Every structure is written in structure tokens, then in C-alpha cells.
């Protein structure tokens, strides 16, 4: 086991990757998402009317949280150009004669355009816009009613009948950092671990020194047990600073206790290691084994449903994604960090990881035994 | 020219003879396209599991209920009648949103007292969060208008008048480029471009490191052939295959995943060629200078996620700190993912795309220049004491199978 | 014209791997028609020296002129050199013929050259074998054939005839004769003193220094060294 630690240490490339990868990932993603959520969506207002009521609308747009009016193009074409260039996301066009039509209670139409090419961005923009449009049309309606001689209280009541209050649970500020940064850092960590694990068996049996071990008659089971132990200890040692930074320094939320999370991580580390071991027992040499490992590790984050929900994937794919330990881990991680739904719910996640580990280790040992026969 | 062709021809043969390379070059792009395609093929979220905790049980509350039930975005989960049940459901993920209608809602409204309906959504996954929030707002807007209309009708207004009042200022919200907020339009191409990037790099990376590991690289450097011919000859097959893959990915995504790929085909081709040239020759450079392919593989693999994140494809560039943006400019992937979106989704022309094309051209020229002018003499190899995980060597059963195949071939020949 | 007469001129060649000095100030000349054997035990730097001469490796300091070119500045000499490496370096996944064809492509040699070396090394029967499946002797013949493709004036052969069947050895030595007679130069690395007689001159490489001996003298030096380790009273010593 000491030998394994020194191996990992002396393999300079591996050392750099293991030491720096996850932490660097954490800092990088932290920096990328430092604004935390999508605010100040760049907006342009084309005011073709230039009247007091159109200015009122513009004021309203301005005061909307999340929207930030950055320019006032003179006409539609200019705004279109701005959207094309991606300088603004939302464009508002207030038509000519807006004030006159409003005064005459004629039907007018405000055009709002959202650049939906970045869907995450656009969903936010559209939510913000929907909020504004409601108030705008309500106010206009009230004005009309008032003009028709209805008393103000009834008029207001007609519109403000039911007030909806929105609450985003578990992450009330819709903070991207809480949602993505740690998960991504863990994803980096997960990939690093796969790299290490995928040289578990091949790293021994694939080099000539394997002859020495074979000749010495050292029990293979014991050898790989110690080796794996060394790997898993390393994995855990690596993830702890990530957690410390994430929860201690960056103050990310954690709903469950730190111990539970660590235990869960440990189980995942074992499961992950078992998968890597399986790869390494089947592969031809260390490079191929790393590639196989990566083929699984890279898309696994997308497949895990951490971002794009599993429920929205095709029915056929849904059972498949649950094969990967990464899916269990990232789903479970989301539950643990935000919700902490209790043991009876999380129990299945813990079990699943154990089962995966068990299956992969047994397969790996069978394969190795066959290879060495 | 003949030499060039010769190298390219045999490089191609190498690819065909190496199962791993065949996988990387031919199968993996297809595989990733199908995989990610399957993941994102539903493209938009719908059927958000929603519970309505109706503590009021009045006409109004039923009205609200129907408003949500009639919306495609939501799927009503029945049988959740208390706040506690709802809370538990939210925690275990069976619910992603909930509406809580308080006990005396109708009464309060009737008495013109303020009343509040609570709309809860799960923000622990922001994709759920954002979408549910948007859907809720849509339904609520809709509901308010209808509700107002109904009340006005109750007050004795004619439908025409109601129409006029309600729509006195109509706000028309249109989403351009991606009218139904489809996630496949948005994410899929970016992921695929990165997959092409990584797989392209891998293939080429193996080109030289493989020869180095098998010692045959020495024949290249011991002959008088100029380095540009080696670089070009080795890179050419990969360039062609990568371009083929690129076209294939585009085709699959538009045909099967229903990703919107419009805009000028010429521009797509130009972007593709520049992008692939950059990565192919960059891969060649990497493989020239990396000592073994294991290390190269590891670093490249780990880069994929950060590359995607810093490109500003998902998280808008203006929110990313300046210095990271500058770093991102150095990578062809950041230019490409944004460029492909501009062409395929926004259907922009050269007038907006010229910086992207210019940047990619510069990167391509740099890559080609450095690849073609490499120093042929290698650094004297230093035999490392512990070169554990790098090499091939001790034969395994799979290798033995290969050997068996060879022997059979030989015995058939003789 | 005198420059042209010298095939290789090495002066003060030094090669260091970080702190370890492998070649420490080597100087020698090689003339046309001469075959030089570099004798050295494992790790003494034979391969390093040959690779430097073939223009494969960079070196730390000194000047090396091969066929009148300073090898740091020009690649032209590579048109007229051939190299056989100690480690198997042919393309394992290609067949014999494909190997020949490919290396001919690299060296700008034509089909005629390929046929010539096939005849010379008697490879006709195994053209379609994968290189990885060849016996050691055949493999070396193929390596030599590849090196001979461009009809070189100078050859670097590393452990060419070590441990292989006698027929192949005979064939290869025979193949090299016309090459030497036509004024080619030969630099060979070897580690078995038995082979010393095949060369005109033997360079004894030890501790980074090269000393030259007549083949006979080299063998005597070897015997002397061998003798010096034996204890005076040993029975086998008689």
C-alpha cells in the first residue's frame, strides 16, 4: 500500500491532476459563476411614440428587477441589429401613436422580443417580461375601466383579484453557484478519480514488473485490495479540501449533516473506483483503459440528470442512466445538499452505490482471474 | 506530392487496423450524437409534476385548478391535500412545483380583502426552477385575464367591451430564433462541437505518440523528408475524417434530434473547416511534444468541461470575469460553439460573423504553421526510472488473441 | 574535395541527460569504405551515439559533420543514410511489403529500389506477413532492407546481427559487402566481442570516452579484462 501511494506520487502527471484538478475546477467555476444569478438582462427599448405614457412604460421596464435597459435604439431595424449581434436579449417596441390610442381606449400593442438562442437566459428574460406585461396590461385595463366611470376600488379589484406569491424553495435566490459550482467541481473530481482508478489493475498486470509479483506468489486479492484501499483513501483526501472550500469559504448551503455527505461521497468513491477497476481489468493497456473510463466519465454528468432532468429524457434512456454510479451520486447530492429528505428516502441511493460497487468489483476480479489464467 | 500521399495513405491504414482508433474516429462521434440527442430530444420541459393543495374548495379555487390542469406544461399530481404532504413530495422530488390555495380565499376576495395564493417551485435544480417559474407566470397571467374578463362579464359588460378593456394594451411577447425555448437547440450543438473537438484531438494525438511508443517515429526523423510533409500527411486523413464526422453530426442533429440548423451552409462549412484545421494540427503539435499518450489523454479529457464552461455558451459571457473571457479567446472551442450558434440558430451572415471567422483563421494558421515547422530532431530520450503507467508491455490475454490472429494469417499465407 | 572524402567528422561531442554525462567529448572520423564497430556494454551510450549521428537526437555540445553537412543546420545528409535501430521500430501493424513501401515513400525511393532490396534480403516469400509476426532474423533482414532502400552512402546499424539465425546473418553480411566496396561507410553498435573481426576498426565506448583499436587488439583487451577478474587459484583458470 505504501508502494501504491508512492507510485501515485511519483507519477508526476497523475500527481498534478489529482492535486490541482478538483480544486482548480472549483475556483474556476466559482469565478465563472461569480455573479450568482442572471440579473441585469440587457434590454433595449424602441420608443416610437415618445410620449409621457410610453415613457411610463419604459420606466416600468427599467424598474423591473432582472431587466436592465442598456440602450434606446431609434428604430426597429437598429434594435434587430442589436439582437443579432447578441448585445441585447430583450427588445421592447412601443408603437407610434401609443399615447393617442391609449387615450382613445383603442387597441394597442407593445411588441416584446426575446432572443431565445440561449434558452437558460431566455427563460429568465421571459419570466421577467411576463411579470411586467401583467402589470402593464392590468394598469391599462384599470385606466379604461376608470374612464368608463367605474369606481376605483371595484376597478382595482377586478384586476387584482388573486395575488400569486411565488416561492422558489431550496434555493430561493435561484443562485447558480449553489446549484452548479460544487457539482461541477465534484464532476472534475469524479473524472480525476476515474483516471486513477482506471490504472488500478492494468497498472500492475500491464507492465513487466507483474512478472515479479506473479513469481513471488503474492496473493492477488490482497495486492489489489491494498491498492484499492490506497486509491479510495486518496479520493477522499482529495475531496475533503473541495468540501472545506465550498462549505467553509464560499458558504454554499448544505441541508444535511457534513458526516452524511462524507459517507455518501465515500460510497460513491468506492462505486466509482469499482467501475474504474472494471475498465482496467478489461483493457489492453493503461491508455485504453483511461479512454474507456473517460468515455463513461465525460458524458455521465450530462446523463446524470443533474442539469437536464431525467424525467425529461426519453423513456428508453431513463433506466439506462441509473446504471451509472454518477447518476446516483449527483441526484443524491442534489437531494442531500438542498433538501435532506431523510434516511428512508436516501437509503436507496446508498444501497444502489453499494450494489454497483459489489457488481463491478466481482466482475473485475473474474475478468482478471480469466486474463491471468 | 507522392510522399505526402504515401504518408496519408498509410496513416489511414493505421487507423483502420487499430480498433481503438476506429472507435474514436468513426463510432464515438456517432455514439455521442445519439446519446446527447436522446438526452435532449424532448427539447422542452413539460409535464412538470405539480400539486395543488386546495384548502379552500371553492369555485374560485377550482377555477385556478383547471387553469393549471389545462396547461400542457404541468401534470397535476392528485391526492396531495395538505401542506405537509406537499412538503414531503417536494423533498423527495415527486413534486417540482405546488400551488397552495389558502382556506378562505374566495371569502376574502368576496370581501375585497387581499388574498394570496402561494406558488412554490423547486429551485434546487435550476432548470426545473426557471422553467416552473416561467410556466407558473404564464398560467397566472392567463388566469388573471380570464378571471378579470369573467368578472367584467358579471358586471354586465358585453364581450366586445371586455375584449377592448382587457386588451387595451396588449403585450405581444415573441421569442426569436428559438421560439419554444428548446433546450436541444440550445445545448446540443455546443456539446457536440466539444465532442468533435475532443475526439478530433484524440485521434490525431495518437498519430505521433503511437509511433513514438512503438519506436517507428525514428524512421520519420531519420529520413530526409521535410517536416511539413510529415505534418500534412499525418494530419490529412484525420482532417478528412473529422470533417466527415462534423457533417455527420450536423446531419444527425438536424434530421433526428430536430435541432434547428439553418443559415448558410457555406458559412457552416467554412467554420467547420477552420475549426477542424485548428484542432487537427493542434492535436498534432500536442502529440509531438507530449512524452506519452497516457498523459496527453488525461489532460485532454479533463479540459473538456472547463472549456465548455468558459466558452460562454451556457453562462453568458458578460457575466464571466474579464480575465477568464480573455483566456477563453485563446481556445478555438469558445469561438466555435458561439459561432455555430450564430449561424445555425440565429442565421446570421458574414457581417456579424467576421470576427469569429477571423479569429478561427488566425488560430488555424498558427496551428498549421507550428505543426509544419516542428524541429525534427527530438530531445534525447531520458529513460525515466519510474515510468510505470505509461507503457505497453506485459502481454495480456487480449493481446494474445491478436497474436493468434496474426499467426493464423501467417499460416494461411504459407 | 578533402571534405567530401570524410564521411563523418565528429569533434568534441558531448551528450548529457541532466546531470548524467553519457558521451563526454568524442572525436573521430570515418572514411569511405570503412566499417567502424562501436563496442560497448549495456548503457554505455552506443545507441545514443548512433542516433546522434543519424540526426535523430539532439546533443548537448560539439560539432558533427555527416557527409559534409553540419547536422544541426541541414537535413540533406539524411537522403543518403540508412538506420537500423536496436529496438524493433518498424510499423507493427503493417505487412512487410507495406513497411517497405511506406519507408520507400519516406525516403523518396521507387519501386525498383523495393524490388532490389527484396531480392537482396530474400524477403519474397513473406511479403504479406505482418511485421509483428516475423522471426527475429527475418525482422532484422527487413529492417536492413528498409535501411538500404535509398541506396545510402552511410549506414548506422545498431546490434544488427545479435542473437539471430546464422543464415540471416550471412545474408546480411553478404548484402553489406557491395555497399562497403562501393565506398559506403558503416557504423555499427555491438556488444558481443566475437563480432569485432567483422570491422576494420573498433571503437571501445566506455564512460563516455571512445578509444580505437584494431579488432584483434580489442579482443585482447577484452580477454585481459576478463582475466583480471579471475582469482589466481581458480581451477577453471587453467
Considering only C-alpha atoms, what is the centroid distance from region B:293-345 to region C:161-179, in Å? 57
Relative contact order in percent for region A:262-327 (Cα pairs under 8 Å, 6+ apart) equals 32
Hey, what did chain A get for relative contact order, percent, Cα under 8 Å, at least 6 apart? 17
Packing-based ranking, highest mean first, of B:253-260, B:352-359, B:49-56 given that Cβ atoms within 10 Å are counted: B:49-56, B:253-260, B:352-359
Across A:327-335, the residue-averaged tally of Cβ atoms belonging to other chains within 10 Å stands at 1
Region B:48-166: C-alpha pair distances exceeding 16 Å, %: 63
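Once you have a ≥ b ≥ c as the square roots of the Cα gyration tensor eigenvalues for the protein assembly as shown, tell me rounded if a/c is under 1.5, and otherwise prolate or oblate according to whether a/b is larger than b/c.
prolate
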Summing -39500 (n - 2.57) over the DSSP H runs of n ≥ 4 in chain B and dividing by its residue number, what mean residue ellipticity at 222 nm do you reach, to the nearest 500 deg cm²/dmol? -20500 deg cm²/dmol
Shielding of A:194-201 by other chains, given as the mean Cβ count within 10 Å, works out to 2
Report the label-to-label distance for residue A:345 and residue A:250 in nanometres (one decimal), using points 7 Å from each Cα along the Cα→Cβ vector. 2.4
Helix B:293-310 sits at what angle to the longest principal axis of chain B, using alpha carbons and giving 0 to 90 degrees rounded to 10? 30
Mind checking the mean number of beta-carbon atoms from other chains within 10 Å of the Cβ atoms in A:61-71? 0
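At 0.36 nm per residue, and after removing the present C-alpha to C-alpha distance, how many nm does the segment from residue B:180 to residue B:369 gain when stretched out fully? Mind dumping the intermediate values first?
Values: separation 189, 0.36 × 189 = 68.04 nm, distance 4.41 nm.
Net length gain for the segment: 63.6 nm.
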Relative to the longest principal Cα axis of chain C, at what angle does helix C:111-121 sit, 0 to 90 degrees, rounded to 10? 50
Per DSSP H run of n ≥ 4, the term is -39500 (n - 2.57); total these for chain A, divide by its residue number, and report the mean residue ellipticity at 222 nm rounded to 500 deg cm²/dmol. -20500 deg cm²/dmol
Would you calculate the separation in nanometres between label points at residue B:44 and residue B:158, each defined as 7 Å from the Cα along the Cα-to-beta-carbon direction? 3.6
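So for C:167, B:177, fewest C-beta neighbours within 10 Å to most, what's the order?
Arranged by neighbour count, lowest to highest, C:167, B:177 become C:167, B:177.
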What FRET efficiency, computed as 1/(1 + (r/R0)^6) with R0 = 22 Å and r the Cβ-Cβ distance, is obtained for residue C:136 and residue C:180, rounded to the nearest 0.05? 0.35
Efficiency by 1/(1 + (r/R0)^6): what FRET value for residue B:329 and residue A:23, r their Cβ-Cβ distance, R0 = 25 Å, to the nearest 0.05? 0.55
Rounded, prolate or oblate: which fits chain C, taking a ≥ b ≥ c as square roots of the Cα gyration tensor eigenvalues, rounded meaning a/c under 1.5, else prolate when a/b beats b/c? oblate
Here the FRET efficiency for residue A:59 versus residue A:229, based on Cβ atoms and R0 = 51 Å and rounded to 0.05, is 0.20
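Which of the three applies to region A:236-373, rounded, prolate or oblate, going by the alpha-carbon gyration tensor with a ≥ b ≥ c and a/c under 1.5 meaning rounded?
prolate
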Of C:67, C:127, C:53, which has the largest mean-square fluctuation in a 10 Å C-alpha GNM of chain C? C:127
Test of understanding: what is the full-extension gain from residue C:31 to residue C:97, defined as 0.36 nm times their sequence separation minus their Cα-Cα distance? 20.4 nm
How big is the gap, in Å, between the Cα center of region A:94-150 and the Cα center of region B:180-229? 52
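Compare the peptides A:237-247, A:79-89 by average per-residue count of other Cβ atoms within 10 angstrom and give them in order, highest first.
In decreasing order of mean packing, A:237-247, A:79-89 become A:79-89, A:237-247.
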Taking Cα pairs under 8 Å and at least six residues apart, what relative contact order does chain B come out at, in percent? 19
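Every number in this text was worked out from the coordinates using simple rules, so none of it is lab data. Note that the structure is predicted; figures quoted are calculated from it, not measured. Positions of Cβ are generated from backbone atoms using ideal geometry, with glycine treated the same way; all protein chains shown enter the neighbour counts.
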